[in-house]
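*Asks:* Pasting a structure below so you can have a look.
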Amino acid sequence: SVGSGIHSLGKFVLFAGDDIDRDFTITHGKQHKPIERAVTIKGYEFGLANMAVFLSQAMVGGIFDDTCDELNEQAQELRRKDENGEPIVAYPISNSCGQYSQNYQEMSCPAGEQGMECPQISPTTTIQSSFNDKIGQRGLMCGPIGTYPEEALKYKNDFDRTDVQGCCWWGRGPLQSKGLCSMGKLNYYIGSKALADGRITRSTSGAYPDINFCTNPNKICETNSADGKDTEDLRWTVAMFEFAEKVQRYSNSNWNYKEKLVEYVSNGMNLNEYYPFELDHSFIHAVSSIVDRGCHNAPNCLPYAGEVSKFPQRREALTIALSALKIPKFREQQVIDTTVEYLKARKSGFEETLLRYKRQGSSTLSERYLFDDFINALYRMSQFRSPDHTPLYLGDPWMRDGHKYGLGNIALFFANGIVLGIEKDDTCDELNQYMVSGKIALSSSCGQRGSSYQDMVCESSDVPDMACQVDPDMFITAVTYDRTLGAPPALQCGPRSRIPYVGYWDPTENAESEFEAFANLNGRTDVEGCCWWGRGLLQMKGPCAFGRLNYYLGARAARENRPSMYEDVDFCLNPEAVCGSQYRHELVWISALFKWLDRVQNYEDGEWNYMEQLRIFADNQFEDNVFIKEVNAMVEVGCRHPPCKEAGCVSFPCDGAYPENVNRAVNRAYLTFTVLGIWDFKESLGGSNSPTPVPSVCPECTGTPTLVPTNSPTATPLMDFTSAPSEAPTREVTVLLRRYDDFRTHLLNRRR
């Protein structure tokens, strides 16, 4: 690590932020209606932002082209034209001497540092770049006049050079370090000169005492092994040194990198880059200008006047880097707020179209599934954290209109909920509705359509075992049931000692028969241990599902000293709490959202991944009936292509999954898309339909952040030119190294 190794000798440090959390008020939005947002920025985010800036330059400098050596890419027009009258262009061999108005042999150090720069390389030195342009353009090279046949073509570069004698200073490494000064400083601090002068030893971490970067600059890109990994560390070290020395130290009378980095982060890291207004690229332009032209205000950089090369790519690369590092963290909360506010604005559409069921031939607003309870549950589950689940997905924080992906997720959730809960007489408990030989078995509480609910146990891989224990003495009667005239009674469970057997409901007589035992499809004529029927919007059922709910959100979580939403509710002792407790207005939604997290958002089948497919679905304009049907099967059966034995579905159709439901789910999905106005996002990803972000949708759910900004990050020295040996470790150094450890851990977690 450049930061920990060389810093220990007091040479330079790659800025990794500090340990202070800060509260800011960020103003963004359309000019006639600015929005103020209170945010908290972690101290390490300043360091991660610094790393994102570094990566943006490295991506353009080397990563995008997968090259270490600078490419020969500046074309020069020749005097002759082709058959169409267009000028013929060529790539002079002499571009090795300099491209885009920069003469690499004249890149000297400023006054006071000239003792560090390399002398001109021997004119007899011959070097050819290790990396060539993938499209076949010959790489850069240097050597005595007459070494290369291309010189005979007399193609001139920007400085009228046609030869490459002494022109060995082209860019190398991810940041394209080039010129006498850059290579000289490398040698002075981490190369052979540093060893000769006693600034490093052979055991110094991050140093290369055997490399003379002045006589062998090609060592940066040379590879001795087949995979090239033997010099990967060197390339990154060179680039990080270049960044710390050239960018982090940059300061003139009116532009200081450290101050501008703090300003950039505290203003939201160009938050509006994800919205279609008030784009401001001044920070990344200034940084790119420093890297590419030597000062912050290109094209006015002397002696290297000219525009920043590849600036659009550098700007895009910063966006990619911020996204990959997932900073700033508050964007994750912002997309939640944006999605929730978007839904709240469509409350009337939900209540007029989606939250309705049929009663006596007329459409009636749900009395059980209330919109405000849905919004509150949605928000709470978006904050839910567990080692085994990602939070409820409400959108991509790193893309303009990123909340459209969250809306797609919610629309699919809601479509299945309409089919399974709301439209079925506004019920919470599962309805007894499937016939056996023309009658409806009262033992359906044990399972319908061939399923046995009490046998829905967790997989053996679940450690610890999360499933509820089946209690044969449990006695429960469902609190909700089909209120249609002539419908069977509510589901019930109880021990054989109290209910030796059960009969059937005769739909032709609209009457219950208890005179003889009547079996369901599994042959059950009793209801002992049969308390695990479906409940809630998505009909959670079985000891495993209720056990997992209890393990993550219920009393078991509280008993085991883990966060719990319902510490006084034991869903294993009372699964009917979903429909009949004092929390029922929440739990009809919370239980369903947890099932969605557990069964759908986490779903993977080989290379098929729900979250990845959801993004593809959204990018393809939400028009894929096959995907909607697969999600419906995942909700109702447990796999996307039933039958699936591992999900308890031995033959198809299975309980709750049959062609009628599949088609209804598709229909309800499109209905939900319409209510959400999701078709407004069809034009393109990152279009201009994003709603204005809002400060906070659920202020009662979170503390109110302090609005007054605190001080800037601790000023860590970026370069120290002392050559004194290092002192014993101090608390400051210990804190710094700990910060680097945290920084490194975050980067490793974001490796993919």
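The values are calculated or read from the model by the stated rules, or taken from the named source; none is laboratory data. Being a predicted model, the structure only gives us computed values, none of them experimental. Ideal geometry is used to build each Cβ from the backbone, glycine not excepted, and the neighbour counts take in all protein chains shown. Please note that ligands, DNA and RNA were not included when accessible areas were found on the heavy atoms of the full protein model with its side chains. Shrake-Rupley method; radii C 1.70, N 1.55, O 1.52, S 1.80 Å.
*Asks:* Which residue, chosen from LEU355, VAL291, PRO312, occupies the Cα position most advanced towards the positive end of the dipole of the stretch 267-369, where the dipole is computed from +1 (Lys, Arg) and -1 (Asp, Glu) charges on Cβ about the Cα centre?
*Replies:* Selected residue: LEU355.
*Asks:* Efficiency by 1/(1 + (r/R0)^6): what FRET value for LEU365 and GLN582, r their Cβ-Cβ distance, R0 = 25 Å, to the nearest 0.05?
*Replies:* 0.65
*Asks:* While we're looking at this one, here's another question. Tell me the accessible surface of LYS185 in square angstrom (1.4 angstrom probe, heavy atoms of protein chains only), to the nearest ten.
*Replies:* Spelled out: LYS185, probe radius 1.4 Å, area about 10 Å².
*Asks:* Within 10 Å, count the other beta carbons around each residue, average over each peptide in 517-526, 593-602, 50-59, 741-750, and list them highest first.
*Replies:* Sorting 517-526, 593-602, 50-59, 741-750 by mean packing, highest first, produces 50-59, 593-602, 517-526, 741-750.
*Asks:* Then there is this: Mind grabbing the accessible area of SER323 for me, 1.4 Å probe, Å², rounded to tens?
*Replies:* 40
*Asks:* To continue, here is another question. What does a probe at LYS326 reach in the stretch 362-402, counting residues whose amide N is under 14 Å from the point 7 Å along Cα→Cβ?
*Replies:* Under cut-off, by backbone N: 383-398.
*Asks:* Label GLU459 and ARG202 with points 7 Å out from Cα along Cα→Cβ: what is the distance between them in nm?
*Replies:* In this crude label model, GLU459 to ARG202 measures out at 5.3 nm.
*Asks:* Quick one: order HIS285, HIS585 from most to least accessible surface, probe 1.4 Å.
*Replies:* Accessible-area ranking of HIS285, HIS585, largest first: HIS585, HIS285.
*Asks:* If I model a spin label at ARG751 and GLN120 as a point 7 Å from the Cα along the Cα→Cβ vector, what separation in nanometres do I get?
*Replies:* Reported label-point gap for ARG751 and GLN120 is 4.8 nm.
*Asks:* Cα extents of the stretch 427-502 along the three principal axes, largest first, in whole Å?
*Replies:* 46, 26, 25
*Asks:* A further question on this structure: Going by average Cβ neighbours within 10 Å, how do the peptides 325-335, 623-633 rank, with the highest at the top?
*Replies:* Peptide ranking by packing, descending: 325-335, 623-633.
*Asks:* Checking a compactness column here: for the stretch 290-438, what do you get for Rg(Cα) / (2.2 N^0.38 Å), N being the number of residues?
*Replies:* My calculation over the Cα atoms of the stretch 290-438 gives 1.67.
*Asks:* Could you calculate the contour length gain from GLU567 to ASP388, that is, 0.36 nm times the residue separation minus the distance between their Cα atoms, to one decimal place in nm?
*Replies:* 62.5 nm
*Asks:* Rank by packing, highest mean first: peptides 68-76, 545-553, with packing defined as the count of other Cβ atoms within 10 Å averaged across residues.
*Replies:* Values: 68-76: 20.6, 545-553: 26.6.
Those peptides, ordered most packed to least, come out 545-553, 68-76.
*Asks:* Still on this structure: Charges at C-beta only: +1 for Lys and Arg, -1 for Asp and Glu. How large is the resulting dipole of the stretch 421-507 about its Cα centre, in Debye rounded to 20?
*Replies:* 460
*Asks:* Which pairs, out of LYS260/LYS329; LYS439/LYS629; LYS344/LYS404; LYS81/LYS154; LYS326/LYS595, put more than 21 Å between their alpha-carbon atoms?
*Replies:* From the list (LYS260/LYS329; LYS439/LYS629; LYS344/LYS404; LYS81/LYS154; LYS326/LYS595), the Cα-Cα distance tops 21 Å for LYS439/LYS629; LYS326/LYS595.
*Asks:* Still on this model: Which one, PRO397, SER452, PRO495, is farthest towards the positive end of the dipole of the stretch 351-495 when Lys and Arg carry +1 and Asp and Glu -1 on their Cβ?
*Replies:* Final value for the positive-end residue is PRO397.
*Asks:* Using a cut-off of 12 Å between alpha-carbon atoms, which aspartates and glutamates can reach LYS156, once sequence neighbours fewer than 8 places away in the same chain are excluded?
*Replies:* Within reach: GLU77.
*Asks:* Are there any trypsin sites (Lys or Arg not before Pro) in the stretch 381-421 that are in a DSSP loop and have at most 14 other Cβ atoms within 10 Å? List them by number.
*Replies:* ARG385
*Asks:* Report D for the stretch 431-567 in µm² per second (integer): Stokes-Einstein, Kirkwood Rh on Cα pairs, 25 °C, 0.890 mPa s.
*Replies:* The Stokes-Einstein estimate is 154 µm²/s.
*Asks:* Something else now. Need one word for the stretch 480-538: rounded, prolate or oblate. Basis is the Cα gyration tensor (sqrt eigenvalues a ≥ b ≥ c); a/c below 1.5 gives rounded, then a/b vs b/c decides.
*Replies:* oblate
*Asks:* What is the extension gain from THR223 to ASP82, computed as 0.36 nm multiplied by their sequence separation minus the C-alpha to C-alpha distance, in nm to one decimal?
*Replies:* 46.8 nm
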